[in-house]
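**Q** There's a structure below that I have some questions on.
The values are calculated or read from the model by the stated rules, or taken from the named source; none is laboratory data. On a predicted model such as this, the values are computed, not experimentally measured, just so you know. Every residue, glycine among them, receives a Cβ derived from its backbone with ideal geometry; neighbour counts consider all protein chains shown. To get the accessible areas, we keep the full protein, side chains included, count just its heavy atoms, and leave off ligands, DNA and RNA. Shrake-Rupley method; radii C 1.70, N 1.55, O 1.52, S 1.80 Å.
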Amino acid sequence: MTTPTAATLFTEPAPTQRLERAANALTANGFVVEILDDAAAARTRVNNLIPEGASVYTSASETLRLSGILDDINASGRYQAVGRRAMTMDRATQMNEIRRLLASPDVVVGSVAALAESGSLVVASATGSQISAYSGAARAIWVVGAQKVVPDLSTALRRVEEHCLPLENARAQAVYGQPSAINRLLILNAEVVSGRGTVLLLREAIGF
């Protein structure tokens, strides 16, 4: 049996059996899980899950951008896009209001860097902007490409450092003119509030 290289382990979509193992583990850990075919299905499902008029924060995510979910939320006018609102506020005089606005929306939508088959979601961040919302929002939705599913938590942490960070570093250099870093690391092992956290697990690869 050939051992997969890091390149294939971190970029190839996980097969159905592994997706189902991850989904079962997440369900046992209190998450709501749906396995969907592709990003288009996730886009439709996210729009169905979020009530019109809800305050929604979208965390920085290539998955959301590439799928069209980012624009659906921030540009459609159907929701109160708190991230976009925060960008118009004065950071010198309104920082406390910005912090509260982003930390406790009705819904936060994002992705993760890795998903262990044991049912742990791993989130990495340079600024920590999404981490408070992942705990403080009334509801959380994570859209996860199949390439992010790995065998265990140690491999998930490897994926963050060896695969995600170089890609995000290049993106940050191009967009912001500065490097990225793993300054905050969040591991979600379980959801204690029934129905709060939903994972939309895709059969295809998308995002980092």
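**Q** Highest first, please rank the peptides 55-63, 110-118, 30-38 by the mean number of other Cβ atoms sitting within 10 Å of their residues.
**A** Result, highest mean Cβ count within 10 Å first: 110-118, 55-63, 30-38.
**Q** Ignoring ligands, DNA and RNA, what percent of the 1.4 Å accessible area of the chain is carbon and sulfur?
**A** Exposed carbon and sulfur together represent 51 percent of the surface.
**Q** Per-residue HN-Hα couplings for the range 201-208, Karplus 6.51 cos²θ - 1.76 cosθ + 1.60 at θ = phi - 60°, whole Hz, x for Gly and Pro?
**A** 9, 8, 7, 10, 7, 7, x, 7
**Q** Quick check: Cα centre of the range 16-51 to Cα centre of the range 57-93, how many Å?
**A** Value for the Cα centre distance between the two parts: 22 Å.
**Q** Under 5 Å between amide hydrogens, which residues at least 5 positions from residue 206 or on another chain qualify, with H placed 1.01 Å from N in the peptide plane?
**A** Here 145, 146, 147 satisfy the definition.
**Q** Report, as a whole number in µm² per second, the diffusion coefficient that Stokes-Einstein gives for the range 96-153 at 25 °C and 0.890 mPa s using the Kirkwood radius over alpha carbon pairs.
**A** 201
**Q** Using the eigenvalues of the Cα gyration tensor, what equivalent ellipsoid semi-axes result for the range 155-208 when each is taken as the square root of five times the eigenvalue, whole Å, largest first?
**A** 26, 14, 12
**Q** May I pose another question? What list of ³J(HN,Hα) couplings, whole Hz, do you get for the range 156-164 from phi and the Karplus terms 6.51, -1.76, 1.60, once you set θ to phi - 60° and write x for glycine and proline?
**A** These are the phi-based 3J(HN,Hα) values: 4, 5, 4, 4, 4, 6, 8, 10, 5 Hz.
**Q** Which of the trypsin sites (Lys or Arg not before Pro) across the range 52-88 are loop residues per DSSP, with 16 or fewer other Cβ within 10 Å?
**A** Hits after loop and neighbour filter: 78.
**Q** May I pose another question? What accessible area, in Å² to the nearest ten, does a 1.4 Å probe give for residue 95?
**A** Roll a 1.4 Å probe over it and residue 95 shows about 90 Å².
**Q** Search the structure for amide H atoms under 5 Å from the amide H of residue 80, placed 1.01 Å from N in the peptide plane, and list their residues when 5 or more places away or on another chain.
**A** 53, 54, 55, 56
**Q** Same structure again: Which three lengths, in whole Å and largest first, does the range 95-208 cover when its Cα atoms are put on their principal axes?
**A** Here the spans come out as 36, 34, 23 Å, largest first.
**Q** For the range 97-132 and the range 134-189, compute the distance between their C-alpha centroids and round to whole Å.
**A** Spelled out, the Cα-based centre of one part sits 10 Å from the other.
**Q** A further question on this structure: With θ taken as phi - 60° and the coefficients 6.51, -1.76 and 1.60, list the Karplus ³J(HN,Hα) couplings across the range 72-89 in order, rounded to whole Hz; mark glycine and proline as x.
**A** My calculation for the range 72-89 gives 4, 7, 8, 10, 7, x, 6, 10, 8, 7, 6, x, 5, 4, 4, 5, 8, 8 Hz in order.
**Q** Which sequence of 200, 102 reflects their accessible areas, 1.4 Å probe, from the largest down?
**A** On the way: 200 0, 102 30 Å².
Solvent-accessible surface, decreasing: 102, 200.
**Q** Also, quick follow-up: On average, how much area does the Cα convex hull of the range 7-151 cover when viewed from any direction, in nm²?
**A** About 8.9 nm², averaged over all directions.
**Q** Solvent-accessible area per residue for the chain at a 1.4 Å probe radius, Å²?
**A** 48
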